[in-house]
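Working notes for the structure below.
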Amino acid sequence: MIENESTSGMSWFLQRTLYFGLITCFFILTGIVYRDYPTADKPIGPELNQEALAGQALWRENNCQACHQLYGFGGFLGPDLTNVWARMPRARFDKILNDGYQRMPGFHFSQVEINALVHYFQAMDQSGQGTPSYQHPHATTLTDLAVTYGEHQNGLPKDVEAGARLFEQYQCRTCHQSFRSGILAAPDLSLAMVGNSPEQIKQILKSGRGLMPPFAIEGKAADDIQAFLIWLSEHREPLMALDGEDIKVEWSRIPWFSYSK
Ligand code: HEC
Ligand code: HEC
């Protein structure tokens, strides 16, 4: 009996503590939300100049957001465009907007309108990283994996090592992720030799294909990269095991973003 009373006394105390704790949390959260509210001197999101604002208006009028995302928000038919400016040459950008590309409709904008969109995407690009899981500072690149593997086994074949270094030098890792598809759906290169003949690989390195930009890589450099790709396909499993460490998204590094301004 006595024991029962003391237990129920304890749970009464816990209940009250919890209750007041939750109420306090509610008021703290409310305070934070109100303090975070955008004002004229503290706007959310990037500063947009006149041209970028015109671009933003086009972005809204044409419902680009129905298919694309900015900072991961939007429809999922097309890719996230937060950093599209950084990864796309101007000529390709103009062509995609005018003529469309695969499932992307052509819009036939005027040159002034395209310029406005360019300003908008430049501002977006400078505002932060739209897909923080990509290019995470701790992400393991294929080059890192190959070098680490080489350290465990007495080094890598010369041409493979050279190819791995070129992969880093040309920043192929920007789009091609290890064992998963990356930006622009760039494929997992450890499988590149599966669907392509050696001649096709050489052709891609020289002239690009689809959204893969032309790098004009030829001669010894092309041979080395190809040796690296062949080596990757042959060492897929041990490399994947090395890549075991999960890549975590650091949510605190994602910048705030708002559609209203
Ligand atoms: C009906 C859906 C749809 C709409 C609306 C749309 N897009 Fe796209 N867009 C796509 C798809 C899908 C792709 C990818 C093309 C592919 O690979 O099939 C794409 C690709 C792009 C690309 C190339 C991006 C990259 O990284 O490859 C740009 C730039 C782009 N769109 C800009 C725009 C802009 C600006 C608007 C609004 C004016 C817009 N899109 C409206 C579907 C759409
Ligand atoms: C701007 C992003 C980007 C960069 C940078 C890039 N690629 Fe690609 N790459 C792609 C895309 C997208 C594809 C798919 C092309 C297609 O659809 O045909 C591709 C395809 C390939 C393929 C064919 C793969 C397959 O399975 O068919 C190879 C090989 C390749 N890239 C090698 C490289 C190398 C080597 C580098 C660095 C010199 C590089 N890429 C840099 C985007 C990129």
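Among the residues of the stretch 91-111, the one identified as within 6 Å of ligand 1 (Cβ to nearest atom), surrounded by fewer than 14 Cβ atoms within 10 Å (Cβ to Cβ) and either among the charged types (D, E, K, R) or touching a residue at least 12 places away in the same chain (Cβ under 8 Å) (or both) is ARG103. Just give me the residues in the stretch 68-90 being outside any helix (DSSP H, G or I), near ligand 1 (Cβ under 8 Å from one of its atoms) and in contact (Cβ under 8 Å) with a residue 60 or more places away in the chain, in sequence order. Passing the criteria: only PRO79. For the stretch 32-67, a residue qualifies if it is small (Gly, Ala, Ser) and in a loop (DSSP other than H, G, I, E, B), and the qualifying residues are ALA40, GLY45. Among the residues of the stretch 143-151, not a single one is assigned by TED's automatic domain parsing to the domain that holds ILE230, away from ligand 1 (no atom under 16 Å from the Cβ) and under 30 Å from GLY45 (Cβ atoms).
Only one of LEU184, LEU205, LEU166 is assigned to a helix (DSSP H, G or I), within 11 Å of ligand 2 (Cβ to nearest atom) and at pLDDT below 85; which? Write out each step before concluding.
Numbers: LEU205 fails: at pLDDT below 85; LEU166 fails: at pLDDT below 85.
It is LEU184.
All of (1) farther than 26 Å from LEU211 by Cβ; (2) not in a helix (DSSP H, G or I) hold for LEU29 with one exception: (2).
Please tell me if LYS42 is exposed (fewer than 13 other Cβ atoms within 10 Å of the Cβ), modelled with pLDDT under 85 and either more than 15 Å from PHE121 (Cα to Cα) or hydrophobic (A, V, I, L, M, F, W, C) (or both). Spell out how you get there, then give the answer.
Details: exposed (fewer than 13 other Cβ atoms within 10 Å of the Cβ): yes; modelled with pLDDT under 85: yes; either more than 15 Å from PHE121 (Cα to Cα) or hydrophobic (A, V, I, L, M, F, W, C) (or both): yes.
When the stated conditions are applied, LYS42 passes them.
Of all residues in the stretch 91-114, how many are of a type in the set (Phe, Trp, Tyr), away from ligand 2 (no atom under 14 Å from the Cβ) and in a helix (DSSP H, G or I)? Before the answer, list the steps.
Here is the first cut: in the stretch 91-114, the residues of a type in the set (Phe, Trp, Tyr) are 93, 101, 107, 109.
Next, from what is left, pick out any that are away from ligand 2 (no atom under 14 Å from the Cβ): 107, 109.
Then keep just the ones that are in a helix (DSSP H, G or I); that gives none.
Going through the stretch 91-114 one residue at a time, the tally reaches 0.
The values are calculated or read from the model by the stated rules, or taken from the named source; none is laboratory data. All figures in this text were calculated on a predicted structure; none of them were measured in a lab. In this analysis, Cβ positions are derived from the backbone assuming ideal geometry, glycine residues included, and neighbour counts consider all displayed protein chains.
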